[in-house]
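This report refers to the structure that appears directly beneath it.
The values are calculated or read from the model by the stated rules, or taken from the named source; none is laboratory data. What you see is a predicted model, and the numbers here were worked out from it, not measured in a lab. Positions of Cβ are generated from backbone atoms using ideal geometry, with glycine treated the same way; all protein chains shown enter the neighbour counts.
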Amino acid sequence: MAVVNTEALLGIFETPEQVAGALDRLRADGFLATDMTVLTDAPYPEGAFGEASERHRLYVWPFVGAACGLAVGLLLTIGTQISYPLVTGGKPILAIPPMINVLYEGTLLGALIMTVIGIIFESRLPDLSAAPYDPRISQGYFGVLVFRLAGRADMAQRALRRAGAIDVVGTLPSG
């Protein structure tokens with residue numbers, strides 16, 4: 001069984017300006033942009049707090065799904081027509097016009113299914129990390145979550161406090 005690193009600190013802030021200041025202080029102390037996450041109860045535009053923009057690859061999922069759906073549609077229609085050859089009026093066994101509907105529906109179904117899977121995957125759901133959370137975030141406060149502390153927990157806690165955190169909660173390794 002793999003050991004999960006559960007080291008994380010969560011600073012609770014009252015204003016967005018304090019959050020931006022906390023991110024600046026943490027960056028100045030050597031924390032990377034990938035080590036910090038901003039938690040809010042309302043959506044804010046990407047980069048509103050000065051955090052780095054996250055790259056996503058959601059656009060790839062529908063294309064992969066469409067290609068898989070098209071392949072399955074081709075296999076289904078060609079396989080059915082070859083398995084049960086039925087010559088009708090001298091027409092070819094592999095007739096393309098009847099295949100078009102099945103190929104279209106298979107392509108669309110594959111794209112839709114993979115889009116839903118991609119949204120779940122790119123949203124990192126479900127969150128199985130043991131990251132701390134505070135219910136005050138749901139009441140309008142802001143949270144700055146700092147990961148991968150690697151012995152720098154005191155430094156991160158001081159930076160969050162200096163930036164105006166009203167509370168710092170977290171999970172630190174025992175021992």
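In summary, helices (runs of 4 or more DSSP H) completely within the stretch 49-168 and bearing 1 or more residues that are farther than 30 Å from ILE12 by Cβ and either β-branched (Val, Ile, Thr) or in contact with a helix residue (DSSP H, G or I) (Cβ under 6 Å, 6 or more places away or on another chain) (or both) occur at 60-83, 96-122. List the pairs whose first member sits in the stretch 94-105 and is under 14 Å from ILE82 (Cβ atoms), whose second member is part of a helix (DSSP H, G or I) and of a type outside the set (D, E, K, R), and whose Cβ atoms are under 7 Å apart, counting only residues at least 6 apart or on separate chains? The qualifying pairs are LEU94/ILE78; LEU94/GLN81; MET99/THR77. Just one of the listed residues (VAL102, VAL116, VAL146) is in the same structural domain as THR40 (by TED's automatic domain parsing) and either among the β-branched types (Val, Ile, Thr) or modelled with pLDDT of 90 or more (or both), namely VAL146.
What do you reckon, is THR37 in contact with an Asp or Glu (Cβ under 9 Å, 6 or more places away or on another chain), surrounded by fewer than 19 Cβ atoms within 10 Å (Cβ to Cβ), outside any loop (DSSP other than H, G, I, E, B) and hydroxyl-bearing (Ser, Thr, Tyr)? Before the answer, list the steps.
Numbers: in contact with an Asp or Glu (Cβ under 9 Å, 6 or more places away or on another chain): yes; surrounded by fewer than 19 Cβ atoms within 10 Å (Cβ to Cβ): yes; outside any loop (DSSP other than H, G, I, E, B): yes; hydroxyl-bearing (Ser, Thr, Tyr): yes.
Taking the combined requirement at face value, the residue satisfies it.
Among the residues making up the stretch 137-151, those that are surrounded by fewer than 16 Cβ atoms within 10 Å (Cβ to Cβ) and either hydrophobic (A, V, I, L, M, F, W, C) or more than 23 Å from ARG55 (Cα to Cα) (or both) are SER138, GLN139, GLY140, ALA150, GLY151. Across the stretch 119-143, the number of residues qualifying as among the charged types (D, E, K, R) and at pLDDT 90 or above comes to 2.
If you take the residues in the stretch 83-136 that are among the acidic types (Asp, Glu) and surrounded by 12 or more Cβ atoms within 10 Å (Cβ to Cβ), which one is nearest to the chain's Cα centre (by Cα)? Quick ask: steps written out before the conclusion?
Residues of the stretch 83-136 that are among the acidic types (Asp, Glu), as a first pass: 105, 122, 127, 134.
Filter once more, keeping what is surrounded by 12 or more Cβ atoms within 10 Å (Cβ to Cβ): 105, 122, 134.
Working: GLU105: 28, GLU122: 3, ASP134: 21 Å.
Per the stated criteria, the residue is GLU122.
Listed by first and then second residue, the pairs with beta-carbon distance under 9 Å, at least 6 apart or on different chains, first residue in the stretch 36-57 and within 15 Å of GLN139 (Cα to Cα), second at pLDDT 85 or above and of a type in the set (D, E, K, R), are LEU39/ASP134.
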